[in-house]
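Engineer: Have a look at this one before I ask anything.
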Amino acid sequence: EKGGHDYFMLKEIEEQPEALANTLRGHFDGGRIVLDEQRMADQDLRDVDKVFVVACGTAYHSGLIAKYAIEHWTRLPVEVELASEFRYRDPVLDRDTLVVAISQSGETADTLEAVRHAREQKARVLAICNTNGAQIPRESDAVLYTHAGPEVGVAATKTFLAQIAANFLVGLALAQARGTKYPDEVAREFAELEATPAAVQKVLSTVEHMRTLARDVADSKAVLFLGRHVGFPVALEGALKLKELAYMHAEGFAAGELKHGPIALIESGLPVVVVMPSPKGRAVLHAKLVSNISEIQARGARTIVIAEEGDDTVRPFADELVEVPAVPTLLQPLVSSVPLQVLAAEIARTRGYDVDKPRNLAKSVTVE
Ligand code: F6R
């Protein structure tokens, strides 16, 4: 049942191309994005003047990625917040606020309370959920199901990629309704999204490399993760996976913050995973990250670099280079997250832990 794998998580990592395709299926028809499971009229989307994304853990990281895409495509302000913070604040919401509540299980207590909090203030709530008929979609105005299939491993993998894709669908639907993107632009963005399952399939060829690398870094006392732009949430997610599975100290940083403190942590032999942007897509960001890597390498860090295929400028600074296929900048998390999932799982396995059932954690967090 684990599909020949030692643990479910690896099977689920390998199911990601299919999960992504299933999430996207049926949502582009007649030249338009259709959120057919969504009980929300085009008019409602047109009136939205602000978006809040609320979620916990990995789902929250998918929301951080959504912010870059939704703001870029729609020019709407987007705030992303941990549900456990949002629900105890007094956020400024009204009927033109769209609250996107992201939850794989659809039962997370804090996210559910955030939904109730938002609805009491008349905001419209759209749930992004992987579990049919769960409480969060039941209490929301509308729902977009991810259709990633059941996830057995406690650590979210395929549902994370599916959440990212669903967030992009919401962003494109908003852009379409508000006219901030022409129909042919929306169609092009959707076509790029539809090409990502094949790109993720290609990234799966890095599994063996990550396995070897995992054995090499399994005894480190900590691992740092750096990224910029959409690579920053990927770094946060890479660190979360390592904490929860391998019980190692791991932290994700925005690379631009390095000089404001974290660089003091760099010491000889410390593994630092760097998520590179495309050299073609965001040349300025790319140059800044190359400079960050050279700084940490000069201080003795062991650099593990996730970079686009053919990115030769980064090669001299990478002690380990992990190549991922070229995809448009906003979609990069869909490919760059995958090696980090494998790295965390394989480090956990090397250290002798149960990858599918990490200690102290539950698949569905129904207590606050
Ligand atoms: C990490 C992980 C958790 C969940 C979080 C929210 O791998 O799985 O951080 O993402 O507990 O769960 P859902 O999405 O069910 O609300």
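The values are calculated or read from the model by the stated rules, or taken from the named source; none is laboratory data. Owing to the predicted nature of the structure, the values given are computational and were not obtained by experimental measurement. For neighbour counting, all protein chains shown are included, and Cβ atoms are generated from backbone atoms with ideal geometry for every residue, glycine included. To get the accessible areas, we keep the full protein, side chains included, count just its heavy atoms, and leave off ligands, DNA and RNA. Shrake-Rupley method; radii C 1.70, N 1.55, O 1.52, S 1.80 Å.
Engineer: Nothing charged except the Cβ atoms of Lys and Arg (+1) and of Asp and Glu (-1): what's the magnitude of the dipole of the stretch 168-295 about its Cα centre? Round to the nearest 20 debye.
Structural biologist: It comes to approximately 160 debye.
Engineer: Who wins for biggest fluctuation among Asn167, Asn130, Asn22 in a Gaussian network model of the chain, springs between alpha carbons below 10 Å?
Structural biologist: Asn22
Engineer: What is the spin-label model distance, in nm, from Arg32 to His209 if the labels are put 7 Å beyond Cα along the C-beta direction?
Structural biologist: 4.3 nm
Engineer: Next question. For the chain, with every protein chain kept in place, what is the accessible area per residue (1.4 Å probe, Å²)? Spell out each step's value before the answer.
Structural biologist: On the way: 14410 Å² over 368 residues.
Dividing the accessible area of the chain by its residue count gives 39 Å².
Engineer: Here's a follow-up. Of all accessible surface on the stretch 286-368 at a 1.4 Å probe, what whole percent is carbon and sulfur? Could the numbers behind the result be given before it?
Structural biologist: Working: 1690 of 3370 Å².
The computed percentage sits at 50.
Engineer: Which percentage, to the nearest 5, of the DSSP beta bridges contained in the chain is antiparallel?
Structural biologist: 5 percent
Engineer: Please report, in whole Å, how far the alpha carbons of the stretch 181-229 spread along each principal axis, starting with the longest.
Structural biologist: Per principal axis, max minus min of the Cα coordinates gives 52, 24, 7 Å.
Engineer: Along the charge dipole of the chain, Cβ charges K/R +1 and D/E -1, which of Pro277, Asn292, Val324 sits furthest on the positive end?
Structural biologist: The Cα lying farthest towards the positive end belongs to Asn292.
Engineer: Per q in 0.13, 0.15, 0.25, 0.26 Å⁻¹, report the Debye log10 I(q)/I(0) for the stretch 282-351, using one uniform scatterer on each alpha carbon and no solvent.
Structural biologist: Once normalised to I(0) and log-transformed, intensities are -0.42, -0.55, -1.21, -1.24.
Engineer: Near Lys280, which lysines are there with a Cα under 16 Å away, not counting those fewer than 8 places off in the same chain?
Structural biologist: Here the lysines satisfying the reach criterion relative to Lys280 are Lys288.
Engineer: Continuing with the same structure: Could you state the orientation-averaged shadow area of the convex hull built on the Cα atoms of the stretch 1-86, in nm² to one decimal?
Structural biologist: For the stretch 1-86, the mean projected area of the Cα convex hull comes to 8.2 nm².
Engineer: Something else: Using the alpha carbons of the stretch 235-368, what is the convex hull volume per residue in cubic angstrom, as a whole number?
Structural biologist: Details: hull volume 17.6 nm³, N = 134.
Looking at the stretch 235-368, the number lands at 131 Å³ per residue.
Engineer: Next question. Say R0 is 22 Å: what FRET efficiency, to the nearest 0.05, do Glu309 and Arg188 get from their beta-carbon distance?
Structural biologist: With a Förster radius of 22 Å, E is 0.50.
Engineer: Follow-up. With no solvent and one equal point scatterer per Cα, compute the Debye intensity ratio I(q)/I(0) for the stretch 240-279 at 0.19, 0.27 Å⁻¹ and report its log10, rounded to two decimals.
Structural biologist: -0.70, -1.10
Engineer: Probe radius 1.4 Å, ligands and nucleic acids left out: which of His5, His260 has the largest accessible area, and how do the rest follow?
Structural biologist: Largest to smallest exposure gives the sequence His260, His5.
Engineer: Shifting gears a bit: Distance between the C-alpha centers of the stretch 218-288 and the stretch 326-344? Whole Å please.
Structural biologist: The distance from the Cα centre of the stretch 218-288 to that of the stretch 326-344 comes to 13 Å.
Engineer: Let me ask something else about it. Hey, what does the equivalent ellipsoid look like for the chain, semi-axes from the Cα gyration tensor as sqrt of 5 times each eigenvalue, largest first, whole Å?
Structural biologist: Output for the chain: semi-axes of 32, 23, 20 Å.
Engineer: As a test question: what accessible area, to the nearest 10 Å², does Ile263 have when a 1.4 Å probe is rolled over all protein chains in place?
Structural biologist: Counting only protein heavy atoms, Ile263 exposes about 40 Å² to solvent.
Engineer: Counting helices only, and only those DSSP H runs with n ≥ 4, report the 222 nm mean residue ellipticity of the chain as the sum of -39,500 (n - 2.57) divided by its residues, in deg cm²/dmol to the nearest 500.
Structural biologist: The per-residue figure over the chain is -13500 deg cm²/dmol.
Engineer: In what order, largest first, do Tyr182, Tyr353, Tyr60 sit by accessible area if the probe radius is 1.4 Å? List each step's numbers first, then the result.
Structural biologist: Values: Tyr182 155, Tyr353 75, Tyr60 45 Å².
Final ranking, largest accessible area leading: Tyr182, Tyr353, Tyr60.
Engineer: Something else: Taking the Cα atoms of the stretch 65-160 alone, what are Rg (to one decimal) and Dmax (as a whole number) in Å?
Structural biologist: When restricted to Cα atoms, the stretch 65-160 yields Rg and Dmax of 13.4, 38 Å.
Engineer: Hey, any idea what % of the stretch 1-123's accessible area is carbon plus sulfur with a 1.4 Å probe? Please list the in-between numbers first.
Structural biologist: On the way: 2300 of 5270 Å².
Accessible surface attributable to carbon and sulfur in the stretch 1-123 totals 44 percent.
Engineer: Compute the angle between helix 57-74 and the longest alpha-carbon principal axis of the chain, please, reported from 0 to 90 degrees and rounded to the nearest 10.
Structural biologist: Value to nearest ten degrees: 70.
Engineer: Let me ask you something else. Of the trypsin sites (Lys or Arg not before Pro) in the stretch 56-144, which ones lie in a loop per DSSP and count no more than 15 other C-beta atoms within 10 Å?
Structural biologist: Sites meeting the loop and neighbour criteria: Arg75, Arg89, Arg95, Lys122.
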